[in-house]
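Worksheet for the structure shown next.
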Amino acid sequence: MPLPFLTADGAFDAQDDANDAPLAHDDRDRWRRPYRPGPWRVAGSSVLLLLSAFMLLATMIIAFAGTWGGAAVCLAAALVVIALALRILRAGVWVSRTGLRRIGLLTTRTLAWGDITEVRTVQQPVRWLGLPRTVQGQALTAAVRDGATTVLMTDRNADFLSRGEAFDRAADMVAAWADESRTVPA
């Protein structure tokens with residue numbers, strides 16, 4: 001039993017030729033991640049969202065008990081946990097026609113393609129899952145005109161741990177975006 005709604009072909013079969021709108025990934029002006037979020041990132045966010053569901057349930061129980069101050073504190077804590085889970089999912093490298101954006105847990109840095117002189121993969125000590133422990137691994141780095149080097153992603157972060165081929169594909173994709181965007185004026 002074929003399930004066409006589960007495949008990419010089903011979207012193209014159902015689309016009318018007269019209404020041939022471009023796909024979302026064809027719009028190069030939108031910020032997008034050139035790779036899928038890894039299982040560690042998705043699992044961590046899922047656990048935090050599950051925790052926030054319990055916190056919201058506790059908020060409701062506390063509110064029904066009549067302690068409005070405690071319910072407000074519990075609701076605020078649940079909203080912070082939800083925001084943290086969403087930020088963890090959003091973290092990573094994003095690209096568009098204008099530049100490259102490195103989103104971390106608490107910081108975001110945007111680099112214009114004109115400011116980036118080189119994007120390459122190097123062997124160096126990298127942080128394992130963002131923790132203080134370092135191991136030998138690969139890092140995708142961007143050299144900026146002022147001489148600084150920014151680590152964009154590593155093969156030991158939450159997106160690529162135990163997924164070496166995915167890291168290689170993502171690094172090649174970001175490097176291809178860099179090469180193409182530096183040669184074509186925006």
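Sequence-ordered 3J(HN,Hα) estimates for the stretch 93-100 from the Karplus curve with 6.51, -1.76 and 1.60 and θ = phi - 60° stand at 9, 10, 10, 7, 5, 7, x, 10 Hz, glycine and proline given as x. With all protein chains in place and a 1.4 Å probe, the accessible surface of the stretch 91-146 carries 51 percent carbon and sulfur. Database remark: amide H of Gly38 closer than 5 angstrom to the amide H of Asp159 (H placed geometrically; neighbours at sequence offset of 5 or more, or on other chains; Pro and chain starts carry no H).
Dipole magnitude for the stretch 38-179: about 220 debye, using +1 per Lys or Arg Cβ and -1 per Asp or Glu Cβ, origin at the Cα centre.
The values are calculated or read from the model by the stated rules, or taken from the named source; none is laboratory data. This structure is a prediction, so every number in the text was calculated from the model and none was measured. With ideal geometry, Cβ positions are generated from the backbone for all residues, glycine too; neighbour counts draw on all protein chains shown. All accessible areas refer to the heavy atoms of the entire protein, side chains included, with ligands and DNA or RNA removed. Shrake-Rupley method; radii C 1.70, N 1.55, O 1.52, S 1.80 Å.
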